[in-house]
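Data block below; observations after.
The values are calculated or read from the model by the stated rules, or taken from the named source; none is laboratory data. Predicted model, so just to flag it, every value in this text is computed and none were measured. Every residue, glycine among them, receives a Cβ derived from its backbone with ideal geometry; neighbour counts consider all protein chains shown. Calculation scope for accessible area: heavy atoms of the full protein, side chains included, ligands and nucleic acids excluded. Shrake-Rupley method; radii C 1.70, N 1.55, O 1.52, S 1.80 Å.
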Amino acid sequence: MNAPSRRLLDRRRFLLGGAAAVGSLSLAGCDALSTAPWFKRALGSVDNLTLDAQRSVIGDRLATEFTEAEISPRFRANGNTQPQSQEWIDLALAQFETYRLVVDGLVETPLSLSLADLRALPGRTQITRHDCVEGWSCIGKWTGALLGPIIDQAGLKPEARFLVFHCYDAFPNDLMGSGQYYESIDLADAHHPQTILAYEMNGQTLPIPNGAPLRLRVERHLGYKHAKFIKRIEAVASFAPFGRGEGGYWEDRGYEWYGGI
Ligand SMILES: Nc1nc2c(c(=O)[nH]1)N[C@H]1C(S)=C(S)[C@@H](COP(=O)(O)O)O[C@H]1N2
Ligand SMILES: [Mo]
């Protein structure tokens, strides 16, 4: 065996015994597990290992999908449940017919997509469990456009490494900046087969509290990564210039950037 593949195997053994075990526990976990204090601590401390574990051991693994019967009777709404900006209010009053998702930044061809455009693109429906770091989970059915092909259509410039999701909502009276919600993911997660821009939840038009008109589903990640009320997706070389530089609203306030589960 050559040296690189031996190193890979050693790393695989290490991960299977360590971080990956935490990862799979959290995968199989129930509501009670995710409220245990050690679970949150473990999530925090192995964050970077979890990233490596997902990439080198599990590769492009899919998040668990559930049956219709397992859908939570009520999908909780969390964080901001309605943007206060006039821009978003005007869109909502027009039933989002004037909404355009902007995809720009380090791309060859910036895009401006209506909801009808998004519905016409390759899409996916998936029933998944949403795990919030605050300790609750809900199973919901999401339908949306696959993010990967949209990014490919825009054509990334070689310097692009992350996508930043700019949202319409802000937390008012925020002491640490504008309070504007934003998130970021890397290109591997952008192209993951379950990463979608969802315009439907449980077979209905996406409800306002859950992120209308469009929200990210990035199923191997904690709840705060799933940006709601998306206004614009910007391809960037680094997320350091945004907010306080940590890659997201909650990351700027101490949460881990990767937030893998
Ligand atoms: N724009 C925006 N996206 C957001 C939030 C938010 O406040 N604003 N909250 C995050 C958190 S912490 C969670 S758990 C989920 C909640 O999604 P839900 O309201 O559909 O339950 O959205 C995430 N995405
Ligand atoms: Mo959350």
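Carbon and sulfur atoms: what percent of the 1.4 Å accessible area of region 126-204 do they account for?
After summing per-atom areas, the C and S share lands at 54 percent.
Using r as the Cβ-Cβ distance of Arg100 and Thr205, and R0 as 22 Å, what FRET efficiency do you calculate, to the nearest 0.05?
Efficiency at R0 = 22 Å is approximately 0.80.
Taking R0 as 30 Å, what FRET efficiency do you get between Ala120 and Ser178 from their Cβ-Cβ distance, rounded to the nearest 0.05?
0.30
Where only protein heavy atoms count, and the probe is 1.4 Å, what is the accessible area per residue for region 100-199 in Å²?
Accessible area per residue: 38 Å².
For region 66-73, take each phi angle, set θ = phi - 60°, evaluate the Karplus expression 6.51 cos²θ - 1.76 cosθ + 1.60, and give the result in whole Hz per residue in order, putting x for glycine and proline.
10, 9, 3, 5, 8, 4, 4, x
How much length, in nm to one decimal, is gained on full extension between Glu70 and Glu159, taken as 0.36 nm per residue of separation minus their Cα-Cα distance?
Full extension of this stretch gives 27.8 nm more.
May I ask for the Rg/Rh ratio of region 120-198, computed from Cα atoms with Rh as the Kirkwood radius, given to two decimals?
With Rg and the Kirkwood Rh in hand, the quotient comes to 1.02.
Output the Cα-based Rg and Dmax of region 196-261 in Å, rounding Rg to one decimal and Dmax to a whole number.
12.9, 38
Going by average Cβ neighbours within 10 Å, how do the peptides 242-251, 120-129 rank, with the highest at the top?
242-251, 120-129
Calculate I(q)/I(0) for region 127-255 by the Debye formula, one identical point scatterer on each C-alpha and no solvent, and give its log10 at q = 0.15 Å⁻¹ to two decimals.
Values returned for q = 0.15 Å⁻¹ are -0.70.
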